[in-house]
There are 2 protein chains.
Amino acid sequence: MSEIYKALSDPTRRQILELLRDGELTAGDLSTHVPVSKPTLSGHLNVLKNAGLVDVTRDGTRMIYRLNVSVLEDALMSLMRTFRIGQPDQAPTPTAAILKGSKL
Amino acid sequence: MSEIYKALSDPTRRQILELLRDGELTAGDLSTHVPVSKPTLSGHLNVLKNAGLVDVTRDGTRMIYRLNVSVLEDALMSLMRTFRIGQPDQAPTPTAAILKGSKL
DNA sequence: CCATTATTTTGTTAATTTGCAAATTAACGA
DNA sequence: TCGTTAATTTGCAAATTAACAAAATAATGG
């Protein structure tokens with residue numbers, strides 16, 4: 001599970017994910033948009049693949065990469081639950097409710 | 001902004017954030033729960049502080065650390081918007097709506 | 001099977017990160 | 001100002017990461 005955060009921690013990899021956001025791209029397509037050498041790009045794609053954030057299929061000589069949003073979604077939801085983000089506040093205890101209504 | 005992802009990419013730092021989730025703790029408190037030396041812990045706390053994920057105040061000889069949830073919240077919300085997570089699906093085009101209602 | 005295209009693997013280097021022990025700083029109370 | 005407690009900074013080693021060029025692999029078309 002920790003591999004996802006590692007994968008997200010590099011700006012080049014986040015750029016790749018954003019490029020894939022609107023649809024699948026080949027390694028070569030990505031190469032024209034991401035300012036690193038092809039071997040370096042290939043390494044980043046491998047990190048993303050191992051984290052489950054992208055899926056790959058082959059089409060002839062090219063490799064087609066696509067985003068796997070659900071993995072990202074699960075990771076974010078998990079973080080949100082852990083830190084209680086975007087969730088209803090804890091229901092106040094009766095005592096807290098009384099104090100809140102009192103003059104002091 | 002990229003510092004937040006970097007900060008989150010280390011498991012020890014995520015553990016620290018979780019420990020702070022339920023309330024503030026001193027560096028010493030954290031030290032008893034996190035299995036690294038105090039200098040190492042201090043380094044991690046500094047990374048979290050620079051990312052804005054924690055705030056610090058001094059209380060006599062101790063340093064009190066507390067979670068800054070809003071920074072984490074903003075980062076996650078930004079990611080969700082970027083990848084259109086937890087948002088209503090794209091409004092269907094008129095044509096798509098017609099096709100959806102048809103038998104084929 | 002050979003040439004071409006697309007991509008990955010290998011080998012290497014430089015930079016960054018993580019870890020610890022030892023030394024240092026900061027605040028407090030006697 | 002000492003001595004004590006709490007935490008950080010410094011200095012250094014080991015591990016990891018990101019980058020590239022060159023070589024290797026895989027698939028296709030002739």
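The values are calculated or read from the model by the stated rules, or taken from the named source; none is laboratory data. Here the structure is a predicted model, which means the values were calculated and not measured. We place every Cβ from the backbone using ideal geometry, glycine too, and count neighbours over all the protein chains shown. Note: accessible area is taken over every heavy atom of the protein model, side chains too, but ligands, DNA and RNA are not part of it. Shrake-Rupley method; radii C 1.70, N 1.55, O 1.52, S 1.80 Å.
Quick check on the stretch A:1-18: of everything there that is open to solvent by less than 60 Å² (accessible area, probe 1.4 Å) and of a type in the set (S, T, N, Q), which residue is farthest from the other protein chains (Cβ to nearest Cβ)?
Our first condition is that a residue be open to solvent by less than 60 Å² (accessible area, probe 1.4 Å); within the stretch A:1-18, this holds for A:2, A:4-5, A:7-10, A:12-14, A:16-17.
Checking which are of a type in the set (S, T, N, Q) leaves us with A:2, A:9, A:12.
Details: A:2: 6, A:9: 4, A:12: 11 Å.
Per the criteria, the residue is A:12.
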Could you please give the count of residues in the stretch B:19-34 that are open to solvent by less than 30 Å² (accessible area, probe 1.4 Å) and either touching a Ser or Thr at 6+ places or on another chain (Cβ under 7 Å) or without any contact (Cβ under 8 Å) to a residue 24 or more places away in the chain (or both)?
-> 2
Output yes when any residue across the stretch A:74-82 is within 17 Å of residue A:6 (Cβ to Cβ) and of a type in the set (D, E, K, R), and no when none is.
-> yes
Across the stretch A:48-88, the tally of residues that are away from every other protein chain (no Cβ under 12 Å), loosely packed, with under 13 Cβ neighbours inside 10 Å and within 26 Å of residue B:87 (Cβ to Cβ) stands at 1
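Scan the stretch A:35-45 for residues that are open to solvent by 70 Å² or more (accessible area, probe 1.4 Å) and within 8 Å of DNA strand C (Cβ to nearest atom) and jot them down. Quick ask: steps written out before the conclusion?
Initially, the stretch A:35-45 is screened for residues open to solvent by 70 Å² or more (accessible area, probe 1.4 Å), giving A:35, A:38-39.
Correct list: A:38, A:39.
Kindly provide the set of residues from the stretch B:37-47 that are touching a helix residue (DSSP H, G or I) at 6+ places or on another chain (Cβ under 6 Å) and closer than 21 Å to residue A:82 by Cβ, ordered by number. Spell out how you get there, then give the answer.
Step one: filter the stretch B:37-47 for residues touching a helix residue (DSSP H, G or I) at 6+ places or on another chain (Cβ under 6 Å), giving B:38, B:41, B:44, B:47.
Listed by number, the residues that qualify are B:41, B:44, B:47.
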Is the stretch B:46-67 home to any residue that is within 12 Å of the chain's Cα centre (by Cα), β-branched (Val, Ile, Thr) and within 16 Å of DNA strand D (Cβ to nearest atom)?
-> yes
